[in-house]
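Report on one structure; see the data block that follows.
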Amino acid sequence: MAKSPTAPALSLDDDGESLLEWFQANSRTVGIVAGVLVAGVAGTLLWRSSVSTKLNRASAALSTAQTPFLAGDYKSAESELAKVATRYAGTMSGAQAAMLQAQAMFEQGKYKEGVAALEAARKAAPAEASASFHQLLGVGAEGQNDFAAAAKHYAEAATGTAAAGEKALLQASQARALTKAGRPAEALALWRSLAVDESGAVVQEARVRIGELVAAGTK
């Protein structure tokens, strides 16, 4: 890579005319350096503008594609959302489109296909969407009666969630899935941890589930 031209150093001890003389003597070099800097700034601004434009287009495309979903036309929604998810993969709007696409497929009973679509989209999705993907993967697994896989996904979603209330709801889903997976002892331990917080989002259900599991002989 070629190095940028370097102008001779300017001495601060020169007389009052030195600054003007220095610029006159090195005007070509100064011009080249300035041109490189301007080009660099322009390139950065152009890149940022391009990214911003893509994000805006992705958001607008998602808004349009989710219209049939909101209207209950899940077949059309699946097709339209798939286009957005593919075209804008790697953006939050693209990730949201993929998740809505999967929900549209679940509504049609296409759990296996929905899970496959989620797994494919998750690879390029932003990290902050990971918990939501795992939650939907849990729903998809339950739809296929794979409760062990569902419990695992709900646990992953809970781990990636900071909000206490949302985390408790995900752990409750995990506990229910564990019970259906034939792992009542693990479910009981989780319900007991959820029952500790008096102001928790699922404390009442936790107490009921504990009673049910203990009555069934779970320890």
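The values are calculated or read from the model by the stated rules, or taken from the named source; none is laboratory data. Keep in mind that what you see is a predicted model, and the values were worked out from it rather than measured. Neighbour counts are summed over all protein chains in view; Cβ atoms, including those assigned to glycine, are modelled from backbone coordinates with ideal geometry.
Does residue 54 meet the test of being of a type in the set (Lys, Arg) and modelled with pLDDT of 90 or more? Answer is no for this residue.
Cβ separations smaller than 9 Å between residues 6+ apart or across chains give the following pairs from region 196-209 residues that are within 14 Å of residue 174 (Cβ to Cβ) to residues that are aromatic (Phe, Trp, Tyr): 202/191; 205/191; 206/191; 209/191. For region 123-161, enumerate the residues that are free of Cβ contacts under 8 Å to residues at least 24 places away in the same chain and closer than 18 Å to residue 101 by Cα. The answer is 123, 137. Just one residue in the set 156, 142, 166 is surrounded by fewer than 17 Cβ atoms within 10 Å (Cβ to Cβ) and within 26 Å of the chain's Cα centre (by Cα); that residue is 166.
Could you please let me know if residue 172 is within 14 Å of the chain's Cα centre (by Cα) and of a type in the set (A, V, I, L, M, F, W, C)? For residue 172, the condition - within 14 Å of the chain's Cα centre (by Cα) and of a type in the set (A, V, I, L, M, F, W, C) - is not met. Checked against the criteria, residue 77 does not count as in contact with a Ser or Thr (Cβ under 9 Å, 6 or more places away or on another chain) and either more than 23 Å from residue 103 (Cβ to Cβ) or modelled with pLDDT under 90 (or both).
Screening residue 151 on (1) under 30 Å from residue 107 (Cα atoms); (2) more than 29 Å from the chain's Cα centre (by Cα) shows it passes everything except condition (2).
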